[in-house]
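Below you'll find the structure, written out as structure tokens, and then a few comments.
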Amino acid sequence: MAKRGISILSAGKLLGLLLAGSTLSSLAHAEALDDIKARGTLICGTQNASAPYAFQDPASRTFVGYDVDMCKALAKSLGVKLEHRPLSTEARIPELKMGRVDLVAGSMAYLPERAEQVDFSLQYLQGAIKVMVKKDSGIKTLADLAGRKVCASKGSSSAAIAARVLPKAQVLTFQDVASCYLGLQSDKVEGFTAGELALKCFEIDSQGKGNPVMMVPEPTYVEHMGIVTNKNNPKLIAAINEAILQMDKSGELSATFEKWLGEQSIYKLKRTFKVEPVDKAS
């Protein structure tokens, strides 16, 4: 009886310790903002090769771009230093879930299935996803892609959306947008889908060369992008939202847009998006 009593007591203590550990873990997870401030550093992930969002400047070899500037602004707003971490497209959510980055400013579009894994801030950017083809391909509309091979970068929203919007096409995934572009130029695929800005860079690059490319005018989707955090970090999301709202109010957000996407850039786009919830954005 004594031994059994000890076993029951030990089991009770073990259960108590497990529950306590679970509670502490939940509290620690819920206080990510406090952890960032205690550490004094924000670890902010971006994509690693996606101009003009985040890419290596050829001259300085440092990472620059719209999302890199967002990381800098968020760190400044939180009153901490920035540790920028470039990530491959497919690694953005896994790196976040494993705790290797605090948040991702990775031009990540809101999708309901993504929202089951991560939380989104207010919209800080909006963009169209389009399909690029060779000018002499004869492809003029999305319907013309039926039965054709279309490439998208692995883990991207472009790939997920292409599978829905282009059900009659054969959607293939390559490592990154540069690989897709090479695949298009070498006739391994007949279409390449990505964000309009990334495609614009390749379109400009192809002019005057042997195989000029063009974008199909009709977009496959309009993306609403937010800063992404692990689930159940309300204080961190609130702080990010406040920073984005202040950037919008002060004009810093528009200035950042103008620098990388607007009149100061090769794209010459006009900012049309509002700072609003990504799941309700229009």
Worksheet item: At q = 0.07, 0.09, 0.16 Å⁻¹, what log₁₀ I(q)/I(0) does a Debye calculation on the Cα points of the chain give, no solvent, two decimals?
Response: -0.31, -0.48, -1.24
Worksheet item: Once fully extended, how much extra length lies between residue 168 and residue 115, figured as 0.36 nm per residue of separation less the alpha-carbon to alpha-carbon distance?
Response: 16.4 nm
Fill in: For region 140-192: relative contact order, % (alpha-carbon pairs under 8 angstrom, 6 or more apart)
44
Discussion item. Can you give me the long-range amide H partners of residue 148? Hydrogens built in the peptide plane at 1.01 Å from N, cutoff under 5 Å, separation of 5 or more residues or another chain.
Written reply: 170
Worksheet item: Can you put 110, 181, 124 in order, fewest other beta carbons within 10 Å first?
Response: 110, 181, 124
Item to complete: Give the relative contact order (percent, whole number) for region 128-221; include only Cα pairs under 8 Å separated by 6+ residues.
Response: 47
Worksheet, complete the sentence: Interchain or sequence-distant (5+) residues whose placed amide H lies within less than 5 Å of the amide H of residue 85 are 44, 45, 46
Worksheet entry | Ranking of 166, 236 by count of other Cβ atoms within 10 Å, fewest first | 166, 236
Practice prompt. Hey, for a label at residue 264 modelled as a point 7 Å past Cα toward Cβ, could you say which residues of region 91-121 have their backbone N under 13 Å away?
Written response: none
Discussion item. Test of understanding: what is the full-extension gain from residue 211 to residue 140, defined as 0.36 nm times their sequence separation minus their Cα-Cα distance?
Written reply: 23.9 nm
Discussion item. On C-alpha positions alone, give me the angle between the axis of helix 234-250 and the longest principal axis of the chain, in degrees, nearest 10.
Written reply: 40
Worksheet item: Shape of region 128-221 from its Cα gyration tensor (a ≥ b ≥ c, root eigenvalues): rounded if a/c is under 1.5, otherwise prolate when a/b > b/c, or oblate?
Response: rounded
Item to complete: Enter the angle in degrees (range 0 to 90, nearest 10) between the Cα long axis of helix 66-78 and the first principal axis of the Cα atoms of the chain, meaning the one along which they spread out most.
Response: 30
Fill in: Candidates 156, 206, 186, ranked by Gaussian network fluctuation over the chain, Cα under 10 Å, top entry
186
Discussion item. Over region 143-282, what is the relative contact order in percent, taking alpha-carbon pairs closer than 8 angstrom and at least six residues apart?
Written reply: 17
Item to complete: Only bridges with both residues in the chain count here: give the DSSP antiparallel percent, nearest 5.
Response: 60
Worksheet item: Looking at the chain, which Cys residues are left with no other cysteine's beta carbon under 4.7 Å from theirs?
Response: 201
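Every number in this text was worked out from the coordinates using simple rules, so none of it is lab data. Being a predicted model, the structure only gives us computed values, none of them experimental. FYI the Cβ positions are ideal-geometry reconstructions off the backbone, even for glycines, and counts take in every protein chain you see.
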